Amino acid sequence: MSVVGVEIPAYGIVGRAPLTLTLVHAVALLLAVVSLAVVFWHGLEERGVALAFGILIAVGELTRWSGAEERESAPLAAAGALAYALLGENAGHRTDHGVLEIVAVVVAAALIGCVPHVARGRGPTADHLTRRVLTVAFAAVCFQPLYIQGRLTGWSGPSYALLLVSLLVLTALCDAVLAAAMAHARTRWPFGPLLRDELRATLGIGSAVCATGAVMSLAVAVVGLWALPVFSLPLLLTQLSVRRFAAVRVTYRQTIASLARATEIAGYTPAGHARRVAALSRAVGRELGLSEPDLTILEYAALMHDIGQLSLVDPVPAGATSALSADEQRRIALLGGAVVRQTGVDAEVAVVVERQADPYREQPVTARIVRAVNAYEEMAREAGPGGPLTALEKLRLATARDYQPEVVESLARVLLRGSLTLPQAG
């Protein structure tokens, strides 16, 4: 194993999918195949409704984007699928479609909408389609049997709307649990922080999806299928705004990465050092259960942790600050924090950079991670082929004073599990 040229896959695991994840995918696949087979054999009960919602879901998948940090990359498709699952009437007339027909239409429309993405090499992951199938099936199972059996006949007005909203909230919570469980099965990261991040994302675009799904279902029940394009427009505009915000965040991160390369261009640090430290730090932070905002601060601080070296007249050999005296490390860290503050980056990033050389018991956890990972990367690079094991052993021997034991052990687990692809730099 090498420690240079770090690249992190989407969920951080290299190799075969865990058995639990395979079983979840198999359940979703079986449900999709059975639904499609039943509909193909018996035909559609509500062809017009199925066609309208199928087109809406397909368009939603066509407008899906990749690379954004939002958990739901196709909000229009999600809202349309949920509205279809909770639809009981069309312009005042009862609908007769059941759970299997709903799942079949959603699966067929999602697959059609994904064709252009697959053709461009950006097809959806199995997790994306699995969540879509299982969440829609859950919502349909909760609503359709009750409606078909007439148990919701006495529900009208605010009570009926409240029922739909409650079912959508419950579905969103189940989707968050499912997403966190699938990520945990794939990465072995702590389930609690993963679920917390999913719930936080649900409060964002997820709330807009639930609200739009409820409004669509209620509007179609009153005015018919013409309500679908009308109520799709606000969510499309919201999606466009979120997409632009995500693009701004990507540009912001690229700007920070460019600033961090100043030390490499000036010859103070080896090429790719900041990027490697940032990748490993983020993985260790995940292992320790940090939230998504804290991980972002950690990543930015790790990228800029060496920028204080620009103040040195004579560069440190190979940029290895971990070999310097404590006073010199602290001076470089303080200078780095001052530079970060001048760039307009979040003040929390500057605090992490400033405090990375403090005794670890006085540091925030993000600074502890940056310090340990930076020392590991420098030691492993200098030690040759046996670098990783040698570096970890040195870190463990210094846990009494310099490095937090929990951080060092988390780093060891990340490396041992093979959650990073570490090719040689060249």
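General remarks:
- Listing of helices (runs of 4 or more DSSP H) fully contained in the range 185-303 that carry 3 or more residues being under 26 Å from Arg381 (Cα atoms) and open to solvent by 40 Å² or more (accessible area, probe 1.4 Å): 227-260, 273-288
Matching residues to (1) of a type in the set (A, V, I, L, M); (2) open to solvent by 20 Å² or more (accessible area, probe 1.4 Å); (3) within 18 Å of Arg276 (Cβ to Cβ); (4) in a helix (DSSP H, G or I):
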{"position": "Glu328", "(1), (2), (3), (4)": "no, yes, no, yes"}
{"position": "Ala338", "(1), (2), (3), (4)": "yes, yes, no, yes"}
{"position": "Val352", "(1), (2), (3), (4)": "yes, no, yes, yes"}
{"position": "Glu377", "(1), (2), (3), (4)": "no, no, yes, yes"}
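- Considering residues of the range 50-68 that are surrounded by fewer than 22 Cβ atoms within 10 Å (Cβ to Cβ) and β-branched (Val, Ile, Thr) only, the residue nearest to the chain's Cα centre (by Cα): Thr63
- Sole exception among (1) modelled with pLDDT of 80 or more; (2) surrounded by fewer than 17 Cβ atoms within 10 Å (Cβ to Cβ); (3) over 30 Å from Arg188 (Cα atoms) for Gly426, by number: (1)
- Criterion applied to Val349, Val365, Val407, Val345 was being modelled with pLDDT under 85, aliphatic (A, V, I, L, M) and under 30 Å from the mean Cα position of the chain (by Cα), and the one residue passing it is Val345.
To keep it simple, each residue is scored yes or no on (1) over 22 Å from the mean Cα position of the chain (by Cα); (2) in a helix (DSSP H, G or I); (3) modelled with pLDDT under 90; (4) within 30 Å of Gly92 (Cβ to Cβ).
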{"residue": "Val4", "(1), (2), (3), (4)": "yes, no, yes, no"}
{"residue": "Ala10", "(1), (2), (3), (4)": "no, no, yes, no"}
{"residue": "Leu29", "(1), (2), (3), (4)": "yes, yes, no, no"}
{"residue": "Val38", "(1), (2), (3), (4)": "yes, yes, no, yes"}
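- Pairs where the first residue, in the range 333-356, is over 16 Å from Ala367 (Cβ atoms) and aliphatic (A, V, I, L, M) and the second is assigned to a loop (DSSP other than H, G, I, E, B) and open to solvent by less than 40 Å² (accessible area, probe 1.4 Å), C-beta under 9 Å, 6+ apart: Val339/Met304
The values are calculated or read from the model by the stated rules, or taken from the named source; none is laboratory data. The structure displayed is predicted, hence computed values, not measured ones. Note that each Cβ is placed from the backbone with ideal geometry, even for glycine, and that neighbours are counted across all protein chains shown. We work out accessible area using only protein heavy atoms, side chains counted, and drop any ligands, DNA or RNA first. Shrake-Rupley method; radii C 1.70, N 1.55, O 1.52, S 1.80 Å.
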